[in-house]
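Right, one structure below, let's go through it.
Here, each number is a calculation from the coordinates, and none is a lab measurement. The structure displayed is predicted, hence computed values, not measured ones. Virtual Cβ from ideal backbone geometry, glycine too; neighbours counted across all protein chains shown.
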Amino acid sequence: MTMQDMDLLGPFVRLLDDVAVPAAVRALEAGGSIRPIWQVIVDSGYLDALVGEDRGGAGLALGEIAPLVEALGAHALPLPVADTMVARALLAEAGIAAPAGPIVLVSSLAQPVPGALLADHALVDTGMVVVLSPIAALDPQPTGVHGSVSAKLSGVPQGPSLARPAGGLRAVAAVLRAALIAGATARLTEMSAAYANERVQFGKPIGRQQALQQMLAVMAEDMIACRIAARMGASHGIAVPVHLAASAKITTSIAASRVAGSAHAVHGAIGISEEYDLQLLTRRLHEWRLAEGSEGYWSGLLGKARLDSAAPTVDWVRAEVFG
């Protein structure tokens with residue numbers, strides 16, 4: 001990470017450390033007001049990080065703010081901050097004034113949308129255009145999952161429309177979920193390693209057990225793989241190539257389930273208790289894993305693209321995924 005990256009990330013992490021504490025996350029899950037946290041984020045200016053400088057923003061690329069999205073994931077913050085960053089950039093490019101509140105990206109009405117119960121507006125991909133719609137027009141309904149602020153949406157979006165990006169919103173939304181997963185897996189790995197070194201059983205820390213050391217090593221491998229995959233996915237900007245999105249989402253979605261399971265195995269019964277913060281992160285991991293399609297959906301898409309090409313596999317991967 002460069003010094004410039006640290007200058008961007010450091011203040012953002014300190015902001016989240018102040019406002020996105022576990023108690024605040026629990027309050028949001030319980031139906032508390034988003035306004036105190038949201039206003040701090042608005043005042044920070046980070047929401048316009050992707051907006052062009054000529055339109056009053058910072059003019060950063062998606063790859064440059066990927067560490068910020070990871071920080072959101074590490075704090076298990078359910079507010080659609082990353083969605084709003086992308087939405088505001090797309091609206092600014094189209095010359096449409098962005099609303100002040102949170103905006104969720106909706107690539108499909110067939111799946112629950114993370115953070116939709118906390119959003120004021122939705123940027124909805126209809127398959128032909130993208131519509132900025134009040135969330136109320138889409139009749140948001142809770143999923144019924146404990147602590148989830150995702151919502152099932154329906155109806156016809158109402159509001160101004162803008163040109164649909166190439167490939168729609170799903171690819172960029174998938175990369176945002178991948179970056180959130182990367183941040184959450186990093187935090188879970190840190191928590192699990194710390195707990196294993198502190199928890200004493202039979203006179204010694206459980207982290208000295210070879211089986212747990214192996215488990216933590218695999219968690220660390222998954223954490224790094226998630227970070228690499230998510231940042232590769234973000235490396236081309238908001239116009240994410242579908243094969244890069246697929247690689248990012250496959251890698252992180254597979255790891256999400258594995259890391260969550262390992263974290264709970266290390267922590268034992270305390271990990272599922274309401275008072276302990278671990279379950280805030282693992283619940284969010286499963287939510288982000290399914291959003292925009294799980295690893296099964298993206299594996300099918302990537303596999304079909306590979307089979308449709310006559311190029312040798314290594315050449316195809318080099319061109320389509322790493323090109």
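Data for the structure
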read-out	value
Per-residue [θ]222 nm for the chain (sum of -39500 (n - 2.57) over DSSP H runs n ≥ 4, rounded to 500)	-18000 deg cm²/dmol
Estimated FRET transfer efficiency when R0 is 22 angstrom, pair R306-V218 (beta carbons, to 0.05)	0.20
At 0.890 mPa s and 25 °C, Stokes D of the stretch 229-323 from Kirkwood alpha-carbon radius, µm² per second	165 µm²/s
Mean Cβ count within 10 Å, highest first, over the residues of peptides 40-46, 19-25, 261-267, 177-183	177-183, 261-267, 19-25, 40-46
Pairwise FRET efficiency - Q141 versus R55, Cβ, R0 = 30 Å, nearest 0.05	0.30
P(r) tail fraction, the stretch 86-179 - alpha-carbon pairs more than 24 Å apart, %	12 percent
Rounded Å value of the spacing that divides the Cα centres of the stretch 39-56 and the stretch 120-188	20 Å
Net charge of neighbours whose Cβ lies under 9 Å from the Cβ of A74, counting Lys and Arg as +1 and Asp and Glu as -1	-1
For the stretch 121-241: rounded, prolate or oblate by the Cα gyration tensor [a/c cutoff 1.5]	oblate
Check: the stretch 89-228 dipole with +1 on Lys, Arg Cβ and -1 on Asp, Glu Cβ, in debye	360 debye
Cα pair distances in the chain, grouped into 10 Å bins until the bin that holds the longest one, percent each	6, 26, 35, 23, 8, 2, 0
Förster radius 30 Å - calculated FRET efficiency between D315 and M128, Cβ distance, rounded to 0.05	0.30
Backbone HN-Hα couplings from phi across the stretch 36-42 [Karplus 6.51/-1.76/1.60, Hz, Gly and Pro as x]	x, 5, 4, 5, 4, 5, 4
Derived scalar couplings ³J(HN,Hα) [the stretch 267-277; Karplus, 6.51 cos²θ - 1.76 cosθ + 1.60; whole Hz; x for Gly, Pro]	7, x, 5, 5, x, 9, 6, 4, 6, 8, 7
Value of Rg/Rh across the stretch 185-272 [Cα atoms, Kirkwood radius]	1.12
Charge sum, other residues only, whose C-beta stays under 14 Å from G56's C-beta, Lys/Arg counted +1 and Asp/Glu -1	-2
Mean separation of Cα contacts under 8 Å, 6 or more apart, over the residue count of the chain: relative contact order %	16 percent
Added length on full extension, which subtracts the Cα-Cα distance from 0.36 nm per residue, D43 to A166	41.1 nm
Label-point gap, in nm, between E198 and S299 - each point 7 angstrom along Cα→Cβ	3.6 nm
Cα long-axis angle, helix 295-307 against the chain (0 to 90 degrees, to the nearest 10)	60 degrees
V21-A97 pseudo-label distance in nm [points 7 Å out on the Cα-to-Cβ vector]	3.7 nm
Dipole magnitude of the stretch 171-323, debye to nearest 20 (Cβ charges: Lys/Arg +1, Asp/Glu -1, about Cα centre)	160 debye
